[in-house]
1. Could you work out the relative contact order of segment B:6-253? I mean the mean sequence separation of Cα pairs under 8 Å and 6+ apart, divided by the number of residues, in percent.
2. Roughly how far apart, in whole Å, are the Cα centres of segment D:244-272 and segment D:376-420?
3. Please compute the average number of Cβ atoms from other chains found within 10 Å of each residue's Cβ in peptide D:261-270.
4. For the ranges D:146-159, C:126-139, B:192-205, D:50-63, what's the packing order if you count other beta-carbon atoms within 10 Å of each residue, average per peptide, and put the highest first?
5. If you split all Cα-Cα distances of the protein assembly as shown into 10 Å bins from zero, what percentages do you get per bin, shortest first?
6. If I take R0 = 41 Å and measure r between the Cβ atoms of residue D:401 and residue D:423 in this structure, what FRET efficiency does the formula 1/(1 + (r/R0)^6) give, to the nearest 0.05?
7. Could you tell me the center-to-center distance, by alpha carbons, between segment B:1-65 and segment D:292-320 in angstrom?
8. So for the pair residue B:76, residue C:128, with labels modelled 7 Å out along Cα→Cβ, what separation do we get in nm?
């Protein structure tokens, strides 16, 4: 019986592979992110932004190889598991896809970038390119950088640079409390906060700097008590998902009414959960801006997004850059099969984005340099989040943020 | 003379405030067939559980062949050559009859916790198990699951498992409980058969069985041994009559 | 000192919340011998139903209706699911409730999606009841304490003063006496399961606005509830209360005080290695008490089980 | 607490290497060796590798649940720890330690064994609920430690390695999935055979005895604790082997390898397959991997279906798929299996239709609710339609109702055929 099942399994798998492998003349991008499970919203939203940008910015204008080719997004559900991601990467490669996009979770990105590097080392004639649209662990473009990885989001350090600009400009802030999840990204945020604050406002005292177990804290009240007790004038946190909601609600519930600077304190139900209480308190640092739309094209683009995807939010603007930038690189090479040439074409590319302004893919570490904004939760914003009647409005805008930042990356090029 | 097979010295057991066994002294010689009788609730099963290590005594001692085994665990006592059966059938219901017997053999045949022997290949074990199956008359049910056997067959199997390991002291707890007369006769024959040259301690309500089988009888009443002697003496004892036969035996006979 | 007081109160709230879950679980376990792995899932269902109801009629009716629906669902699951599995034995029962937990989580995602839902406390309780040294204590938490205490007292009253309660209590200590409940044991089981799950549902309604309503909320609390009743002693209501409060305070105080391993290690005479980031023991040196907070209950459970398998106040073994 | 299902091992006097025992193993080996010629893509090989690893893991789990009557909620710990040690050793190989890759699973197994020995020393004292709860506690504890002890577990991103850095074995460097497949399959066969043989050793049989009746075993000279402990250690060893195979295949170990979800799914796999049978976990692993990877590609609701299947399994066929198959042993022995074919085929068509249409209802409702907004175009079973209105749901519901009705009509016939097939004499 087990043999029979195994056979059925393999037959099914093979049929599946054969079915999709009947390739069309489309250039396919594998989108490997969580589409089920607790982080499915993140993945679903990202996929929607990709699909929208592929349609509006590449396919409909005929911007790819003079309209001879089109992009197609092929979603793969990685269930936010590293193992599952590697399997999906394998499936995608078997289907002939050589362009991989992923972003949710730096842990997965780390696994993927290593797997891609390994694959390319073992198969130098058939490389794969990895477009990272939102995993922001700085290590990916520093110690762990590699030629085939490109990051389109501003990394944690760059975001912190912009964030601390905002803090530095606010003389009311004298004490800051830094709190984050206990893993690589949380630690990176904490380290960056310390570094930049010391540099920009040595007078600011960091009254708390702590990490809490990721996804394990049921009740953030004790943390909130510590924060209020410390007399902090602002909180900085890299928390996301349930940890962001829990922390935010607890801190505000404990009577804290000063700014809470976040990396991921909006959309995916978070804005709705904070509601009125978070207005004017919750700040978000991110690449590009949504409110107000930075350009007329962006206005149109985002409006169209909300028409096409009324249940979703336009959350991470920089994701809309991936498809057009990739298209530009492919146009430069003239075909979509020479992945190595495409990677070289992406290196150092300059691009005028409708959402992130002047945008550069830095050659030295494959980190995108773009506009980074600090946004505040505001009622009545034009593009709202979670249908809550409020959205994130840009307050501080830093163009070409951290353009001159250092990197420890030693890029080895093939 | 060598030490008695089982010796109990001033054995006591209390559960909370209730003193169930209050100072039992008993000696059972090697090769003796010894029966314990007494009214319900006299503490017979508790006495068994104390001897076999199921309960630890509150005070006093248990000796096997002169060796102190007080407070040892059941498996440690079993390894010293004592094996018991249970009043409520206690077999391995999801294993075959053959395997039930085999489980009883493994330790004493030296296989212990072995994971380097293939059990199916150990012909000595198989042969011996088959022999015991024949002895308890269950060869034909060899591959049935023990849980599916008839009650009497399960009782026989219970005895088979108990004697399989070749222990020289056998304790049987009401082996004939709930059996018809013909079945009882078979079991008694079986018991006589398998306990040849062994020390037997048996609890039984069926007086016919007791007087038929036992060399000596102890009468346990309220946790005390009031008489311990040959069947004839016990039968004649006024004490026993008063405390036990007078009231309970008639009741039992119904 | 003020902060200490605040933490005592917060830990008390956490503990009581935990107790609301544990009391239902204990009730079910004592009467039916079933360790309901899906108990926290009913808690989650309570929160989701209350959210849905609150969209239409507001928080207060949700508080009443949601636990009722959860209880009915629980009773139905007992009648048509658990009872069927019961005859296979305890392990399949445990596995059934484990599967139920998975299924409920998936079902919740099917209906409500995967995001956190905006379920907030009622406006009437959305103010700070009092403040201790700048730390606001929300009125809602006072309400939580009141409800939890109310439940505890009601339960205590029913168990000690009413006939059915006495029988239940007897059954808690001596499972065999469940038979004394009369001939309709299945009906009693169904009701017990319904009431137990309804209590979990009520806990969900109350905890929803504070701890958030999202598909992972059951998983987050699921194993902790188990740990609590195991520590307290399976089948002991008082044990459940004591263990809940211990864990509530343990977790609150562990997060509240930043004791670090570095302080302890330096205090007992070790010196911190200079190249800490390259040191094999770096994690030991950087360990803090808040980091350890979430694993303390598990540690406590293992210690209790090894030293006293029947739990702190349990009077029977598994 | 005992498992109700029956042990299939009835052979008592058969020799170790009888023909009837060897044939299935030889056939399995041949089949596994030939598979890559049929399925050549790397992803098919990856899925098969994953299946093989899951099989080893599930078999090791069943040494506890099925063979020893121990319900564990934390078995991932031993697989995970074995895997983490394996990957650290792999990294040491990269730094110059000499160890051919095929021997790595031994290392992982050894560490699985060591941890099982340590943890088993206190957890196996009791079976039942206490054991289950300790396993849960230890599982959560180690999973939580994985984020705290970053040096060893690598925190959230885990530890990765490179399997190709060891000395080549007969010229193979394990660069391709195919080479890894053969390595995995050889270990699968070896591990499965060893676990099978273990169940036929004295300790293996006594583990069954302790599962059935721990007290009786004590009165036969066996310490129930030691028996469980030994089984636990053996199980830990093979879990560690599975972990090393995971390390070799995926070259990364993360917290996920240790957590409750992994422990829970291996319980699910073993139970669905049939804990009372040696082949049960194998069937479970194959079915589960298929559902997860293949079904997961087609629908977001795969986990919901899996949950339904699991609960239905516990309720209606608690001896699992293997149990369902074993039920047919008697009709087969009586030579009456053919009596069942016709009613089975008769019920299969409406049954499959009803399952598909019920799934369709769920899919359409889900699409309606959570699909990309405005975009109500939906593809299901190769049909494109609009999920916006109620027509599609209604149609699916009607089909489901009709096919369920048909199923209910055929059921009595099946019942009769079943009775008939299970009795030696013919019945009218």
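1. Numbers: 433 pairs, mean separation 67.3, N = 248.
About 27 percent, as a whole number.
2. First find each Cα centre; the distance between them is then 35 Å.
3. Working: counts 5, 2, 0, 6, 1, 0, 4, 4, 0, 1.
Averaged over the peptide's residues, the number is 2.
4. On the way: D:146-159: 21.8, C:126-139: 16.4, B:192-205: 18.4, D:50-63: 28.0.
Packing proxy ranking, top to bottom: D:50-63, D:146-159, B:192-205, C:126-139.
5. The percentages, shortest bin first, are 1, 8, 15, 19, 20, 16, 10, 6, 3, 2, 0, 0.
6. Details: r = 35 Å, r/R0 = 0.85.
About 0.70, to the nearest 0.05.
7. 56 Å
8. 6.4 nm
No lab work stands behind these numbers, since they all come straight from the coordinates. All figures in this text were calculated on a predicted structure; none of them were measured in a lab. Reconstructed Cβ throughout: ideal geometry from the backbone, glycine too, with neighbour counts over all protein chains shown.
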